[in-house]
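Below is one structure, written out as structure tokens, with a few remarks after it.
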Amino acid sequence: MTMTAFAPETEERFALARQVADAVLFEGYVLYPYRASAAKNRLRWQFGVLVPPGWGAECEEYDFQHTECLMEPKAGATLSVEVRFLHARRRTVQRARPDGGFDTVPELRLDDRVLVPWDEGNEERVEVVAPVDDLLGDGVTRPFKCPAREQTAPVLDAAGRTVGRLVRRSEEISGTVRLSARELDGPYRALRLTAVVENTSAWTPPEGRGADRDAALPHSLVATHVLMALSAGSFLSMTDPPEWAKGAVAACRNLHTWPVLAGEPGRTDLVLSSPIILEDHPSIAPESPGALYDATEIDEILALRTAALTDEEKREARGTDDRAAAVIELADSMPAEVLERLHGAVRGLREVTGDTGVGFPDEFGVQRPDTPWWDPASEAGFDPERDRVVVDGRPVGKGSRVALHPGLRRTDAQDIFLRGRTATVEAVLHDVDGGVHLAVTVDGDPGADIRREQGRFLYFQPDEVTPLEDDA
């Protein structure tokens, strides 16, 4: 594999971003209850899987990721790129024979663990460093290759005797990283950076076997994501760009990945492009005691449930994978004060009552302000069915038809699917902070009547709709 050493300052910045990138890399790597026999662990590697092109045509997965973002490099700036992915390594279990040979077996039981066949993930990195000026025009293309490997490791019992061995096989993977940049029109010197990662492996399914994901995985780039850093200059946020760049950001194409600003809050010289949509400057919660790999669960619940596994279940989990074994040990050894921290944390407080002076304690002894934070009388004068709000110079209210275009601040896939759909406004609502919201039903929704009866609408802000017609 092609490797290029990063400058020390770049490596330091990447080291911080890798803490979050590791969560992406190992998301879903091994799921609770951390046993190979669990149904959840029989279909793994859900995110960022770049399959061989010879197999991708037969499935709904892809052989490439395409990232586009905007950057403002300074003169003489260098771009450092690190592509990270997991290389599936197929492990088989063998039992030792008296004659010195080995037989492949479905499991090997030891006092402290039960070893079973399993697909491990070996982290791979491809590093590319190039002057930004070299990215203009045809750009930079960097092919890479992960060779096939076979490794064996003895399995020893408590007395130190060899009772078996683990055989790990990984298949050859080849790929390409393509980097290019194009200057944008306008008064500001900004470039659109394109980073494409492709799986170019020649593997195809054996004749007669058809599409077989299990067979394709050892030849795939798993959990693929990209870190990119500028030596001088900055990247622009894709979710909160400056006004002048909003059109150029909207024109960027990001396929099977999404770029966000990474590293310390306030810095804009580092980007993480991942198959999981994140916000700018994502971080690991300081309360998190360690990796649990199953981010669809709350750490507190997951730690408690893991600690409650039976001894036999823990033996199998320890034998499933070294990372699964580490989770078991973490749950079993977690001090009560660490577990207590997982119960919740307040990240910030916002003043909502103002300075009201000394209040009166309630029945629990909690000091209360003299006046409530919200005055019900403030609702007077608002009527959701008659109120109207001006959008693009037109009054919009109940009965108005609008086109929906959810803003970039939304991350719910259901909102994204509604982009471009038409809808009918059912009410204009005002919240206690002065915000305005439009309650709508989507045209053609067979459940629209039920939504009206139950008052369960979809909500959009005025800048997320376009009026389709004038109201009388």
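Counting alpha carbon pairs within less than 8 Å and at least 6 residues apart, what relative contact order, in whole percent, applies to the stretch 8-111? Walk me through the intermediate numbers first.
On the way: 54 pairs, mean separation 15.0, N = 104.
This gives 14 percent for the stretch 8-111.
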- For labels at residue 459 and residue 401 in the simple 7 Å Cα→Cβ model, what's the distance in nm? 2.7 nm
- Message: Explain nothing, just compute: Karplus ³J(HN,Hα) = 6.51 cos²θ - 1.76 cosθ + 1.60, θ = phi - 60°, for every residue of the stretch 239-254 in order, whole Hz, x for Gly and Pro.
- Response: 9, 9, x, x, 4, 5, 9, 4, x, 5, 5, 4, 7, 5, 9, 10
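Given the peptides 316-324, 40-48, 450-458, 170-178, arrange them by the average over their residues of other C-beta atoms within 10 Å, most packed first. It would help to have the intermediate numbers written out before the result.
Numbers: 316-324: 22.2, 40-48: 16.9, 450-458: 13.1, 170-178: 20.0.
Highest to lowest by the protection proxy: 316-324, 170-178, 40-48, 450-458.
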- Item | Cα gyration tensor category, rounded, prolate or oblate, for the stretch 127-273 with a/c compared to 1.5 | prolate
- Message: Treating only the Cα positions of the stretch 170-214 as identical point scatterers, give the base-10 log of I(q)/I(0) from the Debye formula at each q in 0.15, 0.24, 0.25, 0.31 Å⁻¹.
- Response: -0.61, -0.92, -0.95, -1.09
- Query: If you average the sequence gap of Cα pairs under 8 Å that are 6 or more apart and divide by the length of the chain, what percent do you get for the contact order?
  - Reply: 16 percent
- Item | Alpha carbon convex hull of the stretch 4-112, projected area averaged over orientations, nm² | 13.1 nm²
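With a ≥ b ≥ c taken as the square roots of the eigenvalues of the C-alpha gyration tensor of the stretch 412-452, please select rounded if a/c is under 1.5 and otherwise prolate if a/b is larger than b/c or oblate if it is not?
Oblate is the answer for the stretch 412-452, as a/c is 1.5 or above yet b/c matches or exceeds a/b.
Given an 8 Å cut-off on Cα distances and at least 6 residues of separation, report the relative contact order of the stretch 163-268 as a percent.
On the way: 79 pairs, mean separation 20.7, N = 106.
Computed over the stretch 163-268, the figure is 20 percent.
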- Item | ³J(HN,Hα) computed for each position of the stretch 199-207 - Karplus, 6.51 cos²θ - 1.76 cosθ + 1.60, integer Hz, glycine/proline x | 8, 10, 4, 7, 4, 10, x, x, 4
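How many Å³ per residue does the convex hull of the Cα positions in the stretch 259-301 occupy?
Hull volume over Cα atoms, normalised by residue count, gives 89 Å³.
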- Any residue on another chain or 5+ positions along whose placed amide H is under 5 Å from the amide H of residue 225 is listed here as 84
- Task: Quantify, in whole percent, the carbon and sulfur part of the accessible surface of the chain (1.4 Å probe; protein heavy atoms only).
- Result: 51 percent
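Leaving out ligands and nucleic acids, note down the accessible area per residue over the chain with a 1.4 angstrom probe, in whole Å².
Details: 24880 Å² over 472 residues.
Result: 53 Å² of accessible area for each residue.
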- Note on the structure: With all protein chains in place and a 1.4 Å probe, residue 145 shows an accessible area in Å² (nearest 10) of 100 Å²
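With a 10 Å radius around each residue's Cβ, average the other Cβ atoms per peptide and rank 384-392, 119-127, highest first. Present the calculation step by step, with values, prior to reporting the outcome.
Working: 384-392: 13.9, 119-127: 18.3.
Result, highest mean Cβ count within 10 Å first: 119-127, 384-392.
Taking square-rooted eigenvalues a ≥ b ≥ c of the alpha carbon gyration tensor, is the stretch 235-288 rounded, prolate or oblate, where a/c under 1.5 means rounded and, failing that, a/b exceeding b/c means prolate?
Values: a/c = 2.67, a/b = 1.52, b/c = 1.76.
Oblate is the answer for the stretch 235-288, as a/c is 1.5 or above yet b/c matches or exceeds a/b.
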- Item | Straight-distance crosslink candidates among aspartates and glutamates, where the alpha carbon sits under 13 Å from residue 314 and sequence neighbours closer than 8 are dropped | 111, 112, 322, 329, 332
- Item | C-alpha center-to-center spacing [the stretch 432-450, the stretch 112-172] in angstrom | 51 Å
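Restricting things to Cα coordinates, could you compute the convex hull volume per residue of the chain in Å³?
Values: hull volume 115.6 nm³, N = 472.
Taking only Cα atoms, the chain has a hull volume of 245 Å³ per residue.
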- Query: Under the rule of -39500 (n - 2.57) per DSSP H run of 4 or more residues, summed and divided by the residues of the chain, what mean residue ellipticity at 222 nm is obtained, to the nearest 500 deg cm²/dmol?
  - Reply: -4500 deg cm²/dmol
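The values are calculated or read from the model by the stated rules, or taken from the named source; none is laboratory data. Since the model is a prediction, treat every value here as computed from it, not as a measurement. Cβ atoms come from the backbone with ideal geometry, glycine included; neighbour counts cover every protein chain shown. For accessibility, only protein heavy atoms count, side chains too; no ligands or nucleic acids. Shrake-Rupley method; radii C 1.70, N 1.55, O 1.52, S 1.80 Å.
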